[in-house]
Ligand code: FAD
Ligand code: 5PR
């Protein structure tokens with residue numbers, strides 16, 4: 001470590017932790033990331049990123065890599081009982097669809113290239129506001145800044161005893177990455193633009209939904225939603241006969257999904273009394289897990305990782321706790337609103353009517369966390 005160089009220890013090598021690592025390292029910090037899992041990879045299938053996180057990737061030098069295997073579908077289409085409700089072209093809003101593994105690799109590369117050390121198989125058990133972090137193997141370390149980016153079950157957060165409010169929704173989702181099979185789908189439904197994101201809703205007689213999201217030219221992300229109370233709808237591996245009977249136009253890709261075990265995730269929102277504690281800042285699902293309706297869980301994680309790195313870098317070391325408190329005061333309202341909006345969509349299923357991406361629903365998507373004037377531009 002160079003003399004005078006400040007040091008950050010980060011718990012969690014997911015999207016939040018890797019973004020914070022890449023940002024801090026680029027801003028001159030020495031950085032070490034601890035990932036509990038034995039290897040550095042991500043679970044899950046596809047993801048949608050919007051301007052707020054794409055701006056951060058620009059700053060991290062990851063855009064070329066990200067663009068190489070991602071796409072912007074021509075429209076975000078919503079259907080009810082297979083009748084088109086809307087085809088939103090999201091004009092002027094930057095958005096990309098991709099696989100989670102591609103995003104993870106992009107961020108891991110950016111973090112390492114910036115000089116961050118990323119250690120797999122290293123589990124964090126606790127941290128203190130004074131800046132000590134402790135690991136499952138009994139070791140501990142001191143840091144100027146500790147970032148708790150260890151997901152919805154955060155050990156850093158729980159070791160602090162921060163009051164947490166958890167709201168669970170009745171719906172949940174099983175996600176798959178399968179081959180596109182565009183030609184076969186085109187044959188089944190020739191009129192359809194199969195490069196679109198298509199949100200297929202059925203509310204009557206039974207709540208079942210398939211969110212169809214092309215992730216690149218070869219891979220398709222499909223998310224199958226049903227209420228947790230519907231045992232057959234939420235079963236994994238999926239009940240192929242049930243899903244095919246409701247969505248016959250998706251038969252080939254549903255058949256692929258049925259071949260993988262999958263995991264049903266219930267939606268949840270978590271809110272903390274405070275994201276910061278002395279030298280510790282919590283970001284991503286550790287601080288603000290949200291329902292997926294706006295596709296902003298990872299986006300807000302990355303946005304907050306970037307603004308945290310800037311705020312910590314601007315502060316002198318003695319001023320860090322106050323700077324973190326100020327960072328939360330300025331940045332948190334954007335994430336709070338994204339959480340509230342996502343929760344509202346999850347509870348009301350209003351997006352099934354189409355026209356989802358207007359007004360408040362695109363505030364987060366349009367946000368630019370790297371714009372120094374952002375608080376004036378986006379003041380509500
Ligand atoms: P995580 O991805 O959970 O990463 C935490 C990391 O910390 C993991 O690697 C974990 O192994 C590690 N870890 C945990 N505990 C420890 C420990 N004690 N010590 C060391 N390491 C530890 N978001 C979007 O932006 N767009 C979408 O399209 C989207 N779709 C979604 C669909 C569904 C169904 C769901 C459930 C979520 C979706 N999200 C989406 C949300 C997004 O997946 C999460 O918000 C995002 O992954 C959070 O990133 P994170 O880094 O905070 O947490
Ligand atoms: N958008 C995305 C997504 O994965 C989900 C939702 C919206 C990208 C579900 O997983 O509305 O639930 C949603």
Exercise. Would you mind computing, in nm to one decimal, how far apart the modelled labels at residue 375 and residue 187 are, each placed 7 Å from Cα along Cα→Cβ?
Key: 5.9 nm
Self-check item: Residues of the range 283-310 with amide N under 17 Å of a point placed 7 Å along Cα→Cβ from residue 337
Solution: 294-297, 299-301, 303-304
Practice problem: Determine the calculated [θ] at 222 nm for the chain from helices alone, applying -39500 (n - 2.57) to every DSSP H run no shorter than 4 residues and normalising by the residue count; nearest 500 deg cm²/dmol. | Solution: -9500 deg cm²/dmol
Self-check item: On Cα atoms only, tilt of 15-26 relative to the major axis of the chain in degrees
Solution: 40 degrees
Quiz item: Taking the highest mean first, how do the peptides 172-181, 101-110 order by number of other beta carbon atoms within 10 angstrom per residue?
Solution: 101-110, 172-181
Quiz item: What is the spin-label model distance, in nm, from residue 348 to residue 158 if the labels are put 7 Å beyond Cα along the C-beta direction?
Solution: 3.5 nm
Quiz item: Rounded to the nearest 5, what is the percent of antiparallel bridges among the DSSP beta bridges in the chain?
Solution: 70 percent
Quiz prompt | Order by protection proxy (mean Cβ within 10 Å, highest first), peptides 324-336, 287-299 | solution = 287-299, 324-336
Quiz item: Of the listed peptides 62-74, 123-135, what is their order by residue-averaged count of other C-beta atoms within 10 Å, with the highest listed first?
Solution: 123-135, 62-74
Exercise. Would you give the gap between the C-alpha center of the range 249-266 and the C-alpha center of the range 67-89, rounded to a whole Å?
Key: 20 Å
Self-check item: Spacing of the two label points (7 Å from each Cα toward its C-beta) at residue 123 and residue 81, in nm
Solution: 5.1 nm
Quiz item: So what's the range 169-263 giving for Cα Rg divided by 2.2 N^0.38 Å, two decimals?
Solution: 1.01
Quiz item: To the nearest 10 degrees, how steep is helix 297-314 against the longest Cα principal axis of the chain, on a 0 to 90 scale?
Solution: 20 degrees
Self-check item: Extension gain (nm, one decimal) between residue 89 and residue 130, 0.36 nm per residue minus Cα-Cα
Solution: 9.9 nm
Exercise. Relative to the longest principal axis of the C-alpha atoms of the chain, give the angle of the C-alpha long axis of helix 100-113, reported between 0 and 90° and rounded to the nearest 10°.
Key: 20 degrees
Self-check item: Rg/Rg_ref, the range 239-318, where Rg_ref = 2.2 N^0.38 Å and atoms are Cα
Solution: 1.72
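Values quoted throughout were computed directly from the atomic coordinates according to the rules given, and no laboratory measurement underlies them. All values derive from a computational prediction rather than experimental measurement. Glycine gets a Cβ as well: all are built from the backbone with ideal geometry, and neighbour counts include every protein chain shown.
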